[in-house]
Amino acid sequence: MTICKNCGNMFGGNYCNHCGQSANTKRINAEFLWEDIQHGIFHYDKGIGYSLKKLFENPGSVIREYINGKRANHFRPISMVIILATVYALIYHIFELNHRSSLDEPSEQMLEKIFAHYYYFVVATIPVFALMTFTLFRKVGYNFYEVIILEAFKSSQRLSIHIISLPILYFFKEKASFTIITNLLFIVDLVLILWTNRQFFNKIKMFEVIFRSLITYIMYFIVVFLLVAVYILLFTNLDVY
């Protein structure tokens, strides 16, 4: 018999029959931390790596299955988008992409602000994006909170692409190609949104899904633009970065 270290219950077997904790609860050491990193982030069968892999195979179907209850191997979507946003922010500022010397045009400065704080806008505007999607696709039957999960997964999908693109942006940091690449990334974002929504809302005609998704994306982009504009007006002169 084993005494559970979590709840104090005495039980036989590999798992506590009261709380479910493993009988083989080891002391925390370097091996424990490494296993936690592997299983939480890089593990093939679960974690962030698994969820991202599935989001680039059959995104809409995977998200729909998750909402319907197939969740065992997936990383929690809200936690995932926060982690990816943090990784994006760290890499972006480590590469000092927010300190470019060749920014003369106001449009380039605006674009830099969007990408410098892309992680913030992605996370902060998930409820806004979800509200727009929920409104335009209400007849499908998903509630608002389920649509938030949909948008969190989609945001993680886009963030992963932007993270991969950061080394490329660093290489073109002081060149005109930087603006071209960042504009292409917005197009990639839109393609991912259309692809995912087409699979997720599979009971609606394709043209209708694309049309409503485009409206949602345009409305989202307007919100982001306004937020950046407000940020620049309020804080740029105060050297807040």
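Identify, please: which residue in the stretch 67-81 is surrounded by 17 or more Cβ atoms within 10 Å (Cβ to Cβ) and β-branched (Val, Ile, Thr) and is, among those, farthest from GLU151 (Cα to Cα)? My answer is ILE67.
Filter the stretch 147-180 for residues that are buried (at least 16 other Cβ atoms within 10 Å of the Cβ), of a type in the set (Val, Ile, Thr) and more than 19 Å from SER61 (Cα to Cα); which is farthest from the chain's Cα centre (by Cα)? The selected residue is THR179. For the stretch 104-133, give me each residue that is modelled with pLDDT of 85 or more and open to solvent by 40 Å² or more (accessible area, probe 1.4 Å). Selection gives PRO127, VAL128, LEU131.
Checked against (1) out of contact with any helix residue (DSSP H, G or I) (no Cβ under 6 Å at 6 or more places or on another chain); (2) open to solvent by 20 Å² or more (accessible area, probe 1.4 Å), ILE204 meets all criteria but (2).
When you look at VAL87, is it open to solvent by less than 60 Å² (accessible area, probe 1.4 Å), assigned to a helix (DSSP H, G or I), under 17 Å from ILE222 (Cα atoms) and modelled with pLDDT of 85 or more, yes or no? Judged against the criteria, VAL87 is not a match.
Give just the number: which of (1) surrounded by 12 or more Cβ atoms within 10 Å (Cβ to Cβ); (2) modelled with pLDDT of 90 or more does TYR92 not satisfy? Failed condition: (2). All conditions but one from (1) within 22 Å of ILE67 (Cα to Cα); (2) part of a loop (DSSP other than H, G, I, E, B) apply to THR216; the one that does not is (2).
Checked against (1) touching a Pro at 6+ places or on another chain (Cβ under 8 Å); (2) of a type outside the set (Lys, Arg); (3) over 17 Å from ALA89 (Cβ atoms), LEU136 passes all but a single condition, namely (1). Scanning the stretch 139-149 for residues that are out of contact with any Pro (no Cβ under 7 Å at 6 or more places or on another chain) and outside any loop (DSSP other than H, G, I, E, B) turns up LYS139, VAL140, PHE144, TYR145, GLU146, VAL147.
The values are calculated or read from the model by the stated rules, or taken from the named source; none is laboratory data. None of these values were measured; they are calculated from a predicted model. So basically every Cβ, Gly included, is an ideal-geometry build from the backbone, and we count neighbours across all protein chains shown. These area figures cover heavy atoms from the full protein model, side chains too; ligands, DNA and RNA do not enter into them. Shrake-Rupley method; radii C 1.70, N 1.55, O 1.52, S 1.80 Å.
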